[in-house]
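What follows draws every value from the coordinates through simple rules; no lab data is involved. Because the structure is predicted, anything quoted here is derived from the model rather than measured. In this analysis, Cβ positions are derived from the backbone assuming ideal geometry, glycine residues included, and neighbour counts consider all displayed protein chains.
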Amino acid sequence: MKNLLLVAILLFCGINLVDAQIRMKTPEGKYVLLFNNGTWKYEEKIKLEEIKDIVPLNSKEEVAKEINLKDALLEKQVVIKGESVKIAKFKDDLNTVKCDFQIVSKDNKVVLKTNWKLMDEEGFRFFGFITKKSFLSFELSNGEIVILHYKDSFEPKEYIKYGFTTYSAELELSHDQITKLQTGYILNSSMKWTRRTETYNVINPDYFIKELPKILK
């Protein structure tokens, strides 16, 4: 029965191939994740109505204002936390990936620092490097997809003794991206590594709505 359902999905859905993971949209508008071991599951998205103290969206008029930046160094916050499909094959812990974000605004440029922590000591083997071809994408609650490309190449640091790998890398935000990121909550995030692409859970969906106004005059 499961195989029949899988065939039906393949016939009727649009396919988005991302290395070892296939993300597909059903006719009903839901997304299904297919894995190279033959298993599948519905893609999970955060339920905004269940999150306490979520910041309300700014008005369209407020977001559409001309962007004037001020210098600022904002505090780090955890935005991505949850399961890595690849690491989950070897470990039962659901919290196998985490990423802190930090926004830095200086000299009219805005940089988003991303600090990844993957709970496996062989991060390079599974994920490779972060390069200029790598990107981080956000699916927003208004249907918008915002894609941020990394500025440079970054090598992982593997901590064999402690069983985890870290990556520290930066993305530059354009004025257009700053505007778009304030128009909706983050439902999920996908990361394009050199060896695979994975979709991750977001625990701080109003991050950009809260933080970006702090760098605006």
Query raised in the report: Sorted by average packing, counted as other Cβ atoms within 10 angstrom per residue and highest first, what order do 196-204, 57-65 take?
Result: 196-204, 57-65
Query - Simple spin-label estimate for Leu69 and Glu170 in nanometres, 7 Å along Cα-Cβ - result: 1.1 nm
Query raised in the report: What nm value, rounded to one decimal, do you get for the distance between Glu144 and Asn95 when each label is placed 7 Å out toward the C-beta?
Result: 3.1 nm
Query raised in the report: How would you order 206-217, 141-152 from highest to lowest mean count of nearby Cβ atoms within 10 Å?
Result: 206-217, 141-152
Query raised in the report: Say a paramagnetic label sat at a point 7 Å from the Cα of Lys76, along Cα to Cβ; which residues of the stretch 112-129 have their backbone N under 11 Å from it?
Result: 114-117
**Report entry** Ordering of 186-192, 69-75 by burial proxy (mean other Cβ atoms within 10 Å per residue, highest first)
**Finding:** 186-192, 69-75
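Within a Cβ distance under 9 Å of Phe164, other residues only, what is the Lys/Arg minus Asp/Glu net charge?
Value of the local net charge: -2.
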Report summary line: Net charge near Lys180 (other residues with Cβ under 13 Å of its Cβ; Lys, Arg +1; Asp, Glu -1) is -2
**Report entry** Total formal charge among the other residues, if their Cβ is under 12 angstrom from that of Asn142, Lys/Arg +1 and Asp/Glu -1
**Finding:** 0
Query raised in the report: So what is the relative contact order for the stretch 110-154, in percent, with contacts set as C-alpha pairs under 8 Å and at least six apart?
Result: 34 percent
Report task. At 0.36 nm per residue, minus the direct Cα-Cα distance, what do Ser137 and Lys151 gain on full extension? Give it in nm, one decimal, please. Result -> 3.6 nm
